[in-house]
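The next block holds one structure in the form of structure tokens; read it before the comments.
Readers should treat all values here as calculations from the given coordinates under stated rules, not as data from a laboratory. None of the values given here were measured: they were computed from a predicted structure. Here Cβ is always computed from backbone atoms with ideal geometry, including for glycine, and neighbour counts include all displayed protein chains.
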Amino acid sequence: MDDVSIKNLPAAFYLVAFMWLLQVAQMLLPGDLSHFGILPRHLSGLIGIPLAPWIHHGWMHLISNSIPFLVLGTLLQYSSKGNFWDITIILAVVGGLGTWLLGSAGYHAGASGLIFSYWAYLLADAYYSRSIKSALIAVVVFLLYGGLVFSLLDFRPQISWVGHASGMVAGVLVARYVSRKEKRSL
């Protein structure tokens, strides 16, 4: 039996491993990395836009985000024709800006905004690209994570509802942009 090479693992695996390393560092080092999350409408909170998806408010937060991130990120990588990193960066920035502009007071951190971005991107891509591959991926995404839409109705203070909604909007906008760009290049 051939050994599975680490270089053949999906990119989302490396990002989840990075999140776990940060959580271990947060446990071992003094201070709280959550302060590197998005702090809405504060200039100092802008640093959180690229950092917030990788930082979590504890182990349960990280655990609950790891599997959906890995599954949806892998599906995005499979469907994105080599643009996984570009799409991930754009989704994180657009969703993060929405959270920074509209979020409630306090630090917003965690991968859930990016999870919502991936989810919405994969569903919207099926609509915009109209390819069989995208449609099949969207069916899988909806069957596995269709219930995500209901978490938009979760207004508990410890849940970043705006982060989820901003991620979802970012996913739809970026899917439309990528689809238009691909159609122009044909």
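Rounded to the nearest 10 degrees, the angle from helix 112-129 to the longest Cα principal axis of the chain is 20 degrees. Take the Cα of M27, step 7 Å along the line toward its Cβ, and report every residue of the stretch 61-79 whose backbone nitrogen sits under 16 Å from that point. Residues 61-66 qualify, since their backbone N sits under 16 Å from the label point.
Only lysines eight or more places from K7 in sequence, or on another chain, were considered; those with a Cα closer than 23 Å are K81.
V93 to I132: FRET efficiency via 1/(1 + (r/R0)^6), r the Cβ-Cβ distance, R0 25 Å, to the nearest 0.05?
Values: r = 30 Å, r/R0 = 1.22.
Efficiency, from the Cβ-Cβ distance: 0.25.
Per residue, the convex hull spanned by the Cα atoms of the chain amounts to 138 cubic angstrom. Modelled this way, with points 7 Å down the Cα-to-C-beta line, the labels at A11 and Y78 are 1.6 nm from one another.
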